[in-house]
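The numbers here are math on the coordinates, done by the rules we state, and not lab data. Please read all numbers here as calculations on a predicted model, not as lab measurements. Methodologically, a virtual Cβ is constructed for each residue, glycine included, from the backbone with ideal geometry; neighbour enumeration extends over all protein chains shown.
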Amino acid sequence: MNITSGQENRLLDERMREGPTREHLLSVIGERMRAERKRQQMTLRQVADRTHLSVSLLSQIERAESAASVTSLLKIADALRKPLQAFFEGF
């Protein structure tokens with residue numbers, strides 16, 4: 001079955017109304033986390049020590065290679081002294 005340009009545009013419009021993709025959300029969370037960590041001049045090791053999460057996991061979250069659980073996000077937000085909502089602003 002061939003999809004016409006009009007059908008393709010409608011499918012894209014439907015996806016956009018559904019909200020951000022998982023990948024986009026993970027990317028934004030990771031970027032915001034890294035930016036705040038660097039703004040505070042903290043290393044991954046320092047955040048790991050405060051959260052009791054591994055440096056590896058934190059790095060994966062920052063690079064959007066792993067999805068953080070809500071519990072992990074709460075720990076990270078607390079370690080960075082930011083409200084959890086700061087990671088989700090605009091969504």
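Side notes on the structure shown:
- Among 84-90, 24-30, the peptide with the highest mean count of other Cβ atoms within 10 Å heads the list, and the full ranking is 24-30, 84-90.
- Counting charges near residue 77 (Lys, Arg +1; Asp, Glu -1) among other residues having Cβ under 12 Å from its Cβ returns a value of +4.
- Using a simple spin-label model with pseudo-atoms 7 Å out from Cα toward Cβ, residue 66 and residue 88 lie 2.2 nm apart.
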